[in-house]
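Q: Below: one structure in structure tokens.
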């Protein structure tokens with residue numbers, strides 16, 4: 001299905017040929033580098049400084065972004081900036097907390113000249129696809145699934161700090177990335193959908209970090225027969241490979257798409273130039289793709305549905321053991337309860353939703369499979385969420401909504417909720433199959449501390465519909481007979497004209513921002529002193545730690561505009577004791593700044609001959625590989641609000657999480673992975689001369705571990721690859737302090 005090769009290749013005459021690293025100058029002939037060059041202001045070919053064409057953010061992130069930017073001197077949005085109400089529309093827990101955030105968004109769009117998309121009009125990425133994407137453009141989003149490569153747009157998902165920089169007319173600084181050729185060939189078998197291809201791609205590339213922080217460039221003869229919905233269904237899931245971005249060749253299918261949405265002038269033919277160089281190769285043979293299922297807790301834990309059906313007890317037992325290790329035995333997953341007496345697999349929920357599942361074509365084929373059938377009156381239920389109102393209008397006018405409802409499915413408005421646990425949360429220990437983007441632990445409703453576990457598996461809409469037609473018994477769409485009726489998505493954007501506020505280029509400074517009691521300014525962040533004394537408040541030995549474990553999604557969404565209230569949830573599902581421990585360290589630093597000398601701080605500093613007057617005291621988290629998943633900056637900002645000053649890791653799972661740490665003044669230390677960091681929580685790590693070393697460009701620091709018991713020992717820490725701007729951000733304490741000091745303006 002998918003093969004990978006780390007050897008460089010080139011495209012000559014439209015065919016893949018071997019290359020050597022000496023041919024690397026041909027990287028400038030890739031689509032990716034030609035687009036990057038058009039947006040880059042750096043004179044250093046290895047260090048890019050990018051300005052984007054548009055920004056997109058949603059209601060979990062846009063309040064914090066605007067608060068950061070306005071505190072740093074922003075007076076208007078200098079580029080098209082869409083604020084979408086798509087994440088917290090379904091997760092209010094009482095009162096008007098979420099609606100206050102939404103009113104803030106509309107008032108900000110009016111004041112600063114932005115675009116505001118009201119609730120249930122579109123999920124963030126579908127609005128960007130239909131209104132902002134264009135060939136050769138670049139879009140920056142505060143959501144990790146900012147991927148518009150098949151529309152000819154380089155999309156990058158980052159934390160809110162990077163969007164704030166763009167609003168302040170500064171650049172997105174990134175090392176020149178490697179480019180991976182994704183060569184697509186063959187034809188898609190009947191019953192196979194985009195999620196089947198995407199899950200196979202993630203499974204092949206994510207575990208070894210094969211494409212981490214690289215750009216995927218899709219080309220090859222197999223693309224031409226793929227519809228736009230099929231292409232974006234693959235493209236949006238490239239986020240789960242941990243790549244930086246993606247770009248595809250464009251053709252008449254893409255031209256027709258832009259004509260359909262009323263923007264034919266935004267089409268441009270894109271293709272690699274002859275001699276384009278690629279650092280490595282991924283080959284997708286569409287003809288060999290099988291129906292897939294990704295089991296908890298990652299899209300890369302993918303099996304063919306047939307593999308799972310052949311040996312469910314063994315595979316489920318392995319997943320249960322993984323869960324037990326990952327969640328520390330705090331809750332028991334029992335997937336084997338879903339195996340029926342005759343050896344089949346019973347499913348209790350199906351969801352087709354969001355930026356991956358809620359596309360017109362997925363809904364259309366699901367309706368064909370379920371035509372004149374019933375999902376039954378048992379435990380299984382099915383919900384379908386079109387990803388935008390224009391798609392919702394189309395499935396209604398074409399009779400697809402009626403067909404699905406007649407089968408027993410429930411049609412719901414555009415929203416992102418089920419993707420992160422705010423809507424259609426499955427019952428405890430049941431198996432939910434979803435055409436959605438993620439199935440991380442602590443995401444779709446799991447609360448291990450309360451003994452609750454959600455078991456979410458990812459599948460394509462076609463196999464979800466086949467399962468629904470079979471009364472909830474797991475079924476691959478390739479194993480049933482159905483006729484797919486050819487239909488075209490007829491876009492009608494009139495509802496956007498009626499409901500979306502488009503104030504780009506028309507800021508009105510007289511408009512007052514509308515605040516609610518849950519919208520709070522960022523608390524004061526302090527500047528880094530000469531030295532750093534860090535108390536270890538959480539140790540996580542999982543292979544990968546997701547941002548959903550660092551700050552849970554779902555029920556926390558109502559508090560994401562209140563930094564202090566939100567910080568109370570930090571690591572709550574992974575290390576519940578972390579908040580209290582970190583707040584205790586913050587109290588020590590507060591006392592130090594008032595001139596008091598906390599006894600435990602004085603004792604630690606005596607052990608290393610340190611001086612309290614010029615030593616910042618903060619909390620520390622160790623995780624082997626933190627930051628996979630969401631771009632939400634709160635994964636870092638909550639640590640900072642609680643008094644955090646550093647993380648130590650063997651590596652960071654994504655650039656976006658590392659950037660979030662830097663923008664919030666969290667030093668992203670790494671250390672050699674052969675070191676077993678088994679020091680007890682409550683111990684200290686002392687890093688002398690850190691401020692001076694960072695400003696001087698040093699990347700290696702001699703630290704001392706002061707354990708709870710035993711003698712101090714040496715530890716070498718690294719902080720590599722910082723830009724001059726990032727050094728100042730860290731030493732000033734955070735991005736807002738950096739701007740307040742007068743830098744970057």
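Q: Where does helix 360-370 land angle-wise versus the long Cα axis of the chain, in degrees 0 to 90, nearest 10?
A: Helix 360-370 sits roughly 50 degrees off the main axis of the chain.
Q: Taking only C-alpha pairs under 8 Å that are 6+ residues apart, what is the relative contact order of segment 52-170 in percent?
A: About 34 percent, as a whole number.
Q: Also, I was wondering about something else. Pull up the DSSP beta bridges for the chain and report the antiparallel fraction as a percent, rounded to 5. Don't skip to the answer; put the middle values down first.
A: Numbers: 41 of 103 bridges.
Taking every DSSP beta bridge with both residues in the chain, the antiparallel ones total about 40 percent.
Q: How far, in degrees from 0 to 90, does helix 62-71 lean away from the longest principal axis of the Cα atoms of the chain, to the nearest 10?
A: 40
Q: Continuing with this model, one more query. Does segment 531-740 come out rounded, prolate or oblate, given a ≥ b ≥ c as the square roots of the eigenvalues of its C-alpha gyration tensor, rounded meaning a/c under 1.5 and, failing that, prolate meaning a/b above b/c?
A: In terms of gyration-tensor shape, rounded.
Q: Nearest 10 degrees, 0 to 90: what angle lies between the long axis of helix 312-326 and the longest principal axis of the chain (Cα atoms)?
A: The two axes meet at around 20 degrees.
Q: Once each part is reduced to its C-alpha centroid, what is the distance from segment 485-509 to segment 574-622 in angstrom?
A: When both Cα centres are located, 52 Å separates them.
Q: Any idea how far the Cα center of segment 345-362 sits from the one of segment 412-483, in Å?
A: Each part's Cα centre sits 7 Å from the other's.
Q: Based on the mean of other beta carbon atoms within 10 Å per residue, what is the order of 144-152, 449-457, most packed first? Don't skip to the answer; put the middle values down first.
A: Working: 144-152: 27.6, 449-457: 20.8.
Put in order of decreasing packing, that is 144-152, 449-457.
Q: Separate question: At 222 nm, what value in deg cm²/dmol follows for the chain if DSSP H runs of at least 4 each add -39500 (n - 2.57) and the sum is divided by all its residues, to the nearest 500?
A: Working: 25 runs with 221 residues, N = 745.
Value at 222 nm, helices only: -8500 deg cm²/dmol.
Q: Separate question: Pairs of alpha-carbon atoms within less than 8 angstrom and 6+ residues apart define the contacts here; what relative contact order does the chain have, in percent?
A: With pairs under 8 Å counted, the relative contact order is 15 percent.
Q: Neighbour counts of other C-beta atoms within 10 Å: give me 31, 525, 459 arranged from fewest to most.
A: 525, 31, 459
Q: Going by C-beta contacts inside 10 Å, put 715, 513, 167 in order with the fewest on the left.
A: 513, 715, 167
Q: Give me the tail of P(r) for segment 450-497 as a percent: Cα-Cα pairs with distance above 18 Å.
A: 55
Q: Where the centre of each part is set by its Cα atoms, how far does segment 627-678 sit from segment 709-737, in angstrom?
A: Comparing the Cα centres of segment 627-678 and segment 709-737, I get a distance of 11 Å.
Q: Which of 100, 196, 342 comes first, and how do the rest follow, when ranked by fewest Cβ neighbours within 10 Å?
A: 342, 100, 196
Q: Cβ neighbours within 10 Å, averaged per peptide: list 462-469, 581-588, 5-12 in order, most packed at the top.
A: Going from most to least packed, we get 462-469, 581-588, 5-12.
Q: Give me the percent relative contact order of segment 207-248, please, defined on Cα pairs under 8 angstrom at least 6 residues apart.
A: 65
Values in this text are rule-based calculations from the coordinates and carry no lab data. The structure displayed is predicted, hence computed values, not measured ones. Positions of Cβ are generated from backbone atoms using ideal geometry, with glycine treated the same way; all protein chains shown enter the neighbour counts.
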